[in-house]
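*Asks:* One structure is given below, represented as C-alpha coordinates, and several questions about it will come after.
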Amino acid sequence: MDERVVLLVAGAADLAVSAVGSALGAVRGLLRRSDAAELAAEAEQELMARGRLALDRYAAPPPAHLELLARHAVARRASDDA
(Lines give C-alpha, C1' and ligand atoms only; values in the text may rest on other atoms or scores of the structure.)
Protein backbone atom coordinates (compact mmCIF):
# COMPACT_ATOMS: atom_id res chain seq x y z
CA MET A 1 0.00 0.00 0.00
CA ASP A 2 2.82 2.43 0.86
CA GLU A 3 4.52 1.79 -2.48
CA ARG A 4 1.28 2.54 -4.29
CA VAL A 5 0.93 5.88 -2.49
CA VAL A 6 4.52 6.80 -3.28
CA LEU A 7 4.02 5.94 -6.95
CA LEU A 8 0.80 7.98 -7.10
CA VAL A 9 2.45 11.00 -5.49
CA ALA A 10 5.48 10.71 -7.77
CA GLY A 11 3.25 10.45 -10.83
CA ALA A 12 1.19 13.47 -9.75
CA ALA A 13 4.37 15.48 -9.10
CA ASP A 14 5.75 14.55 -12.53
CA LEU A 15 2.49 15.58 -14.16
CA ALA A 16 2.51 18.89 -12.29
CA VAL A 17 6.10 19.64 -13.30
CA SER A 18 5.30 18.80 -16.91
CA ALA A 19 2.24 21.04 -16.88
CA VAL A 20 4.18 23.93 -15.33
CA GLY A 21 6.92 23.51 -17.93
CA SER A 22 4.38 23.59 -20.74
CA ALA A 23 2.67 26.63 -19.23
CA LEU A 24 5.98 28.50 -18.92
CA GLY A 25 6.78 27.73 -22.55
CA ALA A 26 3.39 29.08 -23.59
CA VAL A 27 3.90 32.22 -21.50
CA ARG A 28 7.31 32.82 -23.07
CA GLY A 29 5.73 32.51 -26.51
CA LEU A 30 3.00 34.97 -25.58
CA LEU A 31 5.47 37.50 -24.22
CA ARG A 32 7.21 37.60 -27.60
CA ARG A 33 4.02 38.65 -29.35
CA SER A 34 3.38 42.29 -30.16
CA ASP A 35 -0.26 42.10 -29.06
CA ALA A 36 0.56 40.78 -25.58
CA ALA A 37 -1.36 43.61 -23.86
CA GLU A 38 -4.51 42.80 -25.82
CA LEU A 39 -4.12 39.10 -25.08
CA ALA A 40 -3.69 39.84 -21.38
CA ALA A 41 -6.86 41.99 -21.36
CA GLU A 42 -8.82 39.26 -23.14
CA ALA A 43 -7.45 36.65 -20.74
CA GLU A 44 -8.53 38.78 -17.78
CA GLN A 45 -12.05 39.12 -19.19
CA GLU A 46 -12.18 35.38 -19.85
CA LEU A 47 -11.07 34.57 -16.30
CA MET A 48 -13.61 36.96 -14.82
CA ALA A 49 -16.38 35.40 -16.91
CA ARG A 50 -15.29 31.91 -15.84
CA GLY A 51 -15.19 33.03 -12.22
CA ARG A 52 -18.68 34.48 -12.48
CA LEU A 53 -19.96 31.23 -14.00
CA ALA A 54 -18.24 29.14 -11.33
CA LEU A 55 -19.73 31.24 -8.54
CA ASP A 56 -23.17 31.03 -10.11
CA ARG A 57 -22.82 27.28 -10.44
CA TYR A 58 -21.72 26.59 -6.86
CA ALA A 59 -23.31 29.44 -4.89
CA ALA A 60 -26.67 28.94 -3.25
CA PRO A 61 -29.46 30.14 -5.52
CA PRO A 62 -31.28 33.25 -4.36
CA PRO A 63 -34.69 32.68 -2.78
CA ALA A 64 -37.67 32.91 -5.07
CA HIS A 65 -39.21 36.36 -5.34
CA LEU A 66 -42.69 35.21 -4.33
CA GLU A 67 -41.22 33.36 -1.35
CA LEU A 68 -39.61 36.58 -0.18
CA LEU A 69 -42.89 38.46 -0.55
CA ALA A 70 -44.75 35.78 1.41
CA ARG A 71 -42.20 35.88 4.23
CA HIS A 72 -42.41 39.65 4.35
CA ALA A 73 -46.23 39.51 4.53
CA VAL A 74 -46.12 36.93 7.34
CA ALA A 75 -43.61 39.03 9.27
CA ARG A 76 -45.75 42.14 8.81
CA ARG A 77 -48.89 40.33 10.04
CA ALA A 78 -46.99 39.01 13.06
CA SER A 79 -45.75 42.51 13.96
CA ASP A 80 -49.23 44.01 13.47
CA ASP A 81 -50.78 41.36 15.75
CA ALA A 82 -48.25 41.93 18.51
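*Asks:* Starting from residues that are surrounded by 10 or more Cβ atoms within 10 Å (Cβ to Cβ) and of a type outside the set (A, V, I, L, M, F, W, C), keep the ones in segment 1-20 and report whichever is nearest to the chain's Cα centre (by Cα).
*Replies:* So, considering only residues that are surrounded by 10 or more Cβ atoms within 10 Å (Cβ to Cβ) and of a type outside the set (A, V, I, L, M, F, W, C), the one nearest to the chain's Cα centre (by Cα) is 18.
*Asks:* May I pose another question? Quick check: is even one residue across segment 59-74 in a helix (DSSP H, G or I), modelled with pLDDT of 80 or more and in contact with a Lys or Arg (Cβ under 7 Å, 6 or more places away or on another chain)? Spell out the reasoning first.
*Replies:* Let us first name the residues in segment 59-74 that are in a helix (DSSP H, G or I), namely 65-74.
Filter again for modelled with pLDDT of 80 or more, leaving 65-74.
Filter once more, keeping what is in contact with a Lys or Arg (Cβ under 7 Å, 6 or more places away or on another chain): none.
So far as segment 59-74 goes, no, none of its residues is in a helix (DSSP H, G or I), modelled with pLDDT of 80 or more and in contact with a Lys or Arg (Cβ under 7 Å, 6 or more places away or on another chain).
The values are calculated or read from the model by the stated rules, or taken from the named source; none is laboratory data. From a predicted model like this one, the values you see are computed outputs, not experimental measurements. Counting neighbours? That spans all protein chains shown, and the Cβs are built from the backbone with ideal geometry, glycine included.
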